[in-house]
Amino acid sequence: MKIMVPVKRVVDSNVKIRIRADGTGVDTTNVKMSINPFDEIAVEEAVRLREAGVASEVVAVSCGAEIGQDVLRTAMAIGADRSVLLSSTTELQPLAVARLLAAMVEREQPSLVILGKQAIDDDCNQTGQMLAALLGWPQATFASRIAIEDESATVEREVDGGTETVRLTLPAIVTADLRLNEPRFVSLPNLMKSKKKPLEVIDAASLNVDLAPTWITLKVSEPPVRMPGVLLDSAASLVTRLRDEARAI
Amino acid sequence: MTVLVLADHDNQSLKPATLSAVTAARQCGDEVHILVAGSRCDAVAAAAANVRGVTRVLMADGPQFADGLPENVAQQVHALGLTGTYSHIVAAATSYGKSILPRAAARLNVGQISEVTKVLSADTFERPIYAGNAIATVQALGAIKVLTIRATNFEAAAIGGAAQIHQVATAADSGRSVFVSRMQVVNARPELTAAPIVVAGGRGLGSGEQFKILEPLADRLGAALGASRAAVDAGFAPNDLQIGQTGKVVAPGLYIAVGISGAIQHLAGMTDSKIIVAINKDPEAPIFSVADYGIVGDLFEVVPQLMAALSLEPVRAD
């Protein structure tokens, strides 16, 4: 069984972002970039399934600028066998990415695609569901546990107020939530070894899919700032303030 | 312009977030239809018909919708989208809405605007990006605007409508997915995303056993319990309590953060709260930068003192 894992290159989660002064977006020049943390969890899960003998091959795919090869190297250092970059210099929104990935699924014929549930830059939480729709495959979002047996995937999902378990007929789409696993530490030797693994670059335009944006970003601005608060010296004065000033209790 | 709202429900009652979706829908168009796809969901359809601003309830009733499988519900939404009636399709950004709506959007060949926090016009919306560290103003381009909305940013629509309930032709079961089981956490406290007061604990609580000191405080205030990702990852609290970028977004009237340092991912889930209280022993903790009231101190001393001070207060009737 082959597993495909799409990965996105995003501003590292520990970086405090800067909004461009002209309001056109978030400044990503000279900023540390990393593999989207949820995608890292997806890669880890796919690699574990291969290590357990459930999967035979793990293929990582990324869409975007050529520089995105670095996150594919990270995916291969975790254990993906090979990777493909669908290169494009235009902004790719979730529907365009889903269309590109659908074209890759046609080519690679995986039985399972595991994606991160959302990217931590645009926080869209769409691509996996859209890919499932385009392929007509079943989906399980927000996975915290995946079990593969025969021709099905049994997936535990984190939902509002608890968890839910569904069984999908393969081929299927699963999106990874935080508690699916804890990705392994990428060691330097593994990072070096990943440089020898195959990384294919394909011009996204050659796949003949519609990459048009579905929205225009008119402005990116700072969130509203809260007024500075006061430090109190006792719980009793807090209760007084909450009662008389804030009228919150 | 007619807007279709996808109702989130459990076949018995309408999830409160759906009322916020109706409010957002009314800001997008003049007529609001609401789709209740479920199994034996008459009570939900009746509740939806009673929401002010809803002009029609579309009831898709069948066993294939019993457990909200996205394959089947998205197919139903897709079929309604194809009728050409709808300018917008809106759902609350609950785990149900988030699973189903992007699937329906892609089938309709349009994009989705996720977690909308403000409707500026019929096609222009505000939404947080980068865990709420930036606000994007976006203009949707598709023939149908598909949106999930953040329920805490829209008031619940009032009760007191009288919409007609129409049965609609139901989409078939995809046959590719089966619901197996559900584990719902049951407690007497209010639901986290709808609670007027939230008491949330972080890594500072130190253990699952010590996390429990927040329970009497929450119960005294009629509050829901929440947790930071650090507390959930450490196993102090179950994951359905997680507040933040990847957990739940809350905006109660009062948010009491106990032993929470205030990582940006956590702040993303609670900074819209009206009043924020922070209790933390580290005066440099970022949580204090968003707090209206702060107490720097050992939470294991402050929380009992807070309980003692509250015990002198009359219990509020509402």
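The values are calculated or read from the model by the stated rules, or taken from the named source; none is laboratory data. These numbers come from a predicted model, not from an experiment. Here the Cβ positions follow ideal geometry from the backbone for every residue, glycine too, while neighbour counts run over all protein chains shown.
Matching residues to (1) touching a Ser or Thr at 6+ places or on another chain (Cβ under 7 Å); (2) surrounded by fewer than 16 Cβ atoms within 10 Å (Cβ to Cβ):
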position: A:21; (1), (2): no, yes
position: A:44; (1), (2): no, no
position: A:75; (1), (2): yes, no
position: A:89; (1), (2): no, yes
Between a first residue in segment B:218-246 that is in a strand (DSSP E or B) and a second residue that is of a type in the set (Lys, Arg), which pairs have beta carbons less than 7 Å apart while being 6 or more apart in sequence or on different chains?
B:224/B:189; B:225/B:189; B:242/B:229; B:242/B:248
Right, residue A:108: farther than 17 Å from residue B:112 by Cβ, modelled with pLDDT under 95 and among the acidic types (Asp, Glu) or not?
no
Of the residues A:181, A:208, which is closer than 24 Å to residue A:93 by Cβ and surrounded by fewer than 22 Cβ atoms within 10 Å (Cβ to Cβ)?
A:208
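Residue by residue through segment B:262-271, note down the ones that are more than 8 Å from chain A (Cβ to nearest Cβ), in a loop (DSSP other than H, G, I, E, B) and out of contact with any helix residue (DSSP H, G or I) (no Cβ under 6 Å at 6 or more places or on another chain).
Applying the first criterion (more than 8 Å from chain A (Cβ to nearest Cβ)) to segment B:262-271 yields B:262-263, B:266-270.
Keeping just the survivors that are in a loop (DSSP other than H, G, I, E, B) gives B:262-263, B:268-270.
Correct list: B:263, B:269, B:270.
Give the residue that is farthest from residue B:139 (Cα to Cα), with candidates limited to residues of segment B:13-29 that are in a loop (DSSP other than H, G, I, E, B) and within 18 Å of the chain's Cα centre (by Cα). Full working, then the answer.
Quick first cut of segment B:13-29, residues in a loop (DSSP other than H, G, I, E, B) only: B:13, B:15, B:29.
Among the residues that remain, those that are also within 18 Å of the chain's Cα centre (by Cα) are: B:13, B:15.
On the way: B:13: 34, B:15: 28 Å.
Top of the filtered list is B:13.
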Members of segment B:158-172 that are crowded, with 16+ Cβ neighbours inside 10 Å and either small (Gly, Ala, Ser) or part of a strand (DSSP E or B) (or both):
B:161, B:163, B:171
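If I filter segment B:273-296 down to residues being more than 9 Å from chain A (Cβ to nearest Cβ) and assigned to a loop (DSSP other than H, G, I, E, B), which single residue comes out as nearest to residue B:195 (Cα to Cα)? Break it down stepwise before answering.
Of all residues in segment B:273-296, those more than 9 Å from chain A (Cβ to nearest Cβ) come to B:273, B:280-282, B:284-287.
Checking the rest, the ones that are also assigned to a loop (DSSP other than H, G, I, E, B) come to B:273, B:281-282, B:284-285.
Details: B:273: 11, B:281: 27, B:282: 28, B:284: 29, B:285: 25 Å.
Taking the candidates together, the pick is B:273.
Among the residues of segment A:224-233, which ones are surrounded by fewer than 17 Cβ atoms within 10 Å (Cβ to Cβ) and either facing another protein chain (nearest Cβ under 7 Å) or touching a residue at least 60 places away in the same chain (Cβ under 8 Å) (or both)?
First pass over segment A:224-233, keeping only residues surrounded by fewer than 17 Cβ atoms within 10 Å (Cβ to Cβ): A:224-228, A:230-231, A:233.
Answer for segment A:224-233, where residues must be surrounded by fewer than 17 Cβ atoms within 10 Å (Cβ to Cβ) and either facing another protein chain (nearest Cβ under 7 Å) or touching a residue at least 60 places away in the same chain (Cβ under 8 Å) (or both): A:226, A:230, A:231.
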Those residues that are modelled with pLDDT of 95 or more and surrounded by fewer than 24 Cβ atoms within 10 Å (Cβ to Cβ), I need them from segment B:274-285; list them, please.
B:275, B:281, B:282, B:283, B:284, B:285
Considering (1) within 7 Å of chain B (Cβ to nearest Cβ); (2) within 20 Å of the chain's Cα centre (by Cα), say which one residue A:171 fails and leave the rest.
(1)
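Table: residues versus (1) at positive phi; (2) facing chain A (nearest Cβ under 7 Å).
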site: B:90; (1), (2): no, no
site: B:103; (1), (2): no, yes
site: B:106; (1), (2): no, yes
site: B:116; (1), (2): no, no
site: B:126; (1), (2): no, no
site: B:129; (1), (2): no, yes
site: B:132; (1), (2): yes, yes
Report, ordered by the first and then the second residue, all pairs with beta carbons closer than 9 Å, sequence separation of six or more or different chains, a first member in segment B:198-209 that is closer than 21 Å to residue B:221 by Cβ, and a second member that is in a helix (DSSP H, G or I) and among the polar types (S, T, N, Q).
B:201/B:210
Out of segment B:247-258, which residues are of a type in the set (Val, Ile, Thr) and in a loop (DSSP other than H, G, I, E, B)?
B:249, B:250
Out of curiosity, is residue B:235 of a type in the set (Gly, Ala, Ser), under 28 Å from residue B:150 (Cβ atoms) and surrounded by fewer than 17 Cβ atoms within 10 Å (Cβ to Cβ)?
no
If you go through segment B:173-199, how many residues are in a loop (DSSP other than H, G, I, E, B), buried (at least 16 other Cβ atoms within 10 Å of the Cβ) and at the interface with chain A (Cβ under 7 Å from one of its Cβ atoms)?
2
Per the filter on segment A:96-114, residues within 12 Å of residue A:135 (Cβ to Cβ) and within 15 Å of the chain's Cα centre (by Cα) are A:98, A:101, A:113
Just need a number here: residues in segment A:141-172 that are more than 29 Å from residue B:133 (Cβ to Cβ) and either touching a strand residue (DSSP E or B) at 6+ places or on another chain (Cβ under 6 Å) or not in a strand (DSSP E or B) (or both).
21
